[in-house]
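Here is the structure we will look at, set down as structure tokens.
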Amino acid sequence: MICEKILGTLEDLDTAGKTIEYVEIEWHEAFKKIHRKTTDTGREVGIRLDDSVLTEGLYEGKVIYMDENLVIAVRTPPCEVIRVTVEPDHRFMTAKVCYEIGNRHAPLFYGPKEDTFITPYNEPMLRMLSGLHGVKAEKEVGKLAFDRRISASVHNHHH
């Protein structure tokens, strides 16, 4: 089966009475145009998207196939992340946190609470953020909420 469009989201489409199967798309794959995946029930799926995926992204709840009986949607699995909390009496450090993460071309997301941010885990980033005064950085497993992303795009970029 080949899927060539993002049809909407599970929340926006009427999926009543339909079987929903999921393909897992890792956070770092969300802006790629071509994928070969297997759904959670074993169905082979080819995904070939146009350039709109480069800005829209392919993440949790996006529907890539739907007919009268079946829906195929995306699931973004949990991954290791760094939760960054800027202490209330050090709010001026927010700019420093955002600058340092952006300077390393890492994706950045708003956290669940005010003054928290989420970025994918890597050890050098955790060490650097942990060394900032008034900033708490913790490694944890969680989902990246693409609807809460701060970065304009989420691409792996290396120099």
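With the structure loaded, tell me whether residue 65 is touching a Ser or Thr at 6+ places or on another chain (Cβ under 6 Å), of a type outside the set (Asp, Glu) and either assigned to a loop (DSSP other than H, G, I, E, B) or open to solvent by 30 Å² or more (accessible area, probe 1.4 Å) (or both) or whether it fails that test.
no
Is there a residue being open to solvent by 80 Å² or more (accessible area, probe 1.4 Å), touching a residue at least 60 places away in the same chain (Cβ under 8 Å), under 19 Å from residue 30 (Cα atoms) and not in a strand (DSSP E or B) anywhere in the stretch 126-148?
Looking for residues that are open to solvent by 80 Å² or more (accessible area, probe 1.4 Å), touching a residue at least 60 places away in the same chain (Cβ under 8 Å), under 19 Å from residue 30 (Cα atoms) and not in a strand (DSSP E or B), one finds at least one in the stretch 126-148, hence yes.
Just give me the residues in the stretch 68-92 being outside any strand (DSSP E or B) and open to solvent by less than 70 Å² (accessible area, probe 1.4 Å), in sequence order. Don't jump to the end; show me each part of the working.
Kept after step one, since they are outside any strand (DSSP E or B), are these residues of the stretch 68-92: 68-69, 76-78, 87-92.
Selection gives 76, 77, 90.
Output yes when any residue across the stretch 18-41 is without any contact (Cβ under 8 Å) to a residue 12 or more places away in the chain and out of contact with any strand residue (DSSP E or B) (no Cβ under 8 Å at 6 or more places or on another chain), and no when none is.
no
Quickly run through the stretch 93-110 and pick out the residues that are out of contact with any helix residue (DSSP H, G or I) (no Cβ under 8 Å at 6 or more places or on another chain) and either surrounded by 14 or more Cβ atoms within 10 Å (Cβ to Cβ) or without any contact (Cβ under 8 Å) to a residue 40 or more places away in the chain (or both).
93, 94, 95, 96, 98, 99, 102, 103
Just give me the residues in the stretch 111-125 being farther than 16 Å from residue 142 by Cβ, exposed (fewer than 11 other Cβ atoms within 10 Å of the Cβ) and at pLDDT below 95, in sequence order.
Once the filter is applied, which keeps residues that are farther than 16 Å from residue 142 by Cβ, exposed (fewer than 11 other Cβ atoms within 10 Å of the Cβ) and at pLDDT below 95, the stretch 111-125 yields only 114.
The values are calculated or read from the model by the stated rules, or taken from the named source; none is laboratory data. This is a predicted model, so every value here is computed, not measured. Cβ atoms come from the backbone with ideal geometry, glycine included; neighbour counts cover every protein chain shown. All accessible areas refer to the heavy atoms of the entire protein, side chains included, with ligands and DNA or RNA removed. Shrake-Rupley method; radii C 1.70, N 1.55, O 1.52, S 1.80 Å.
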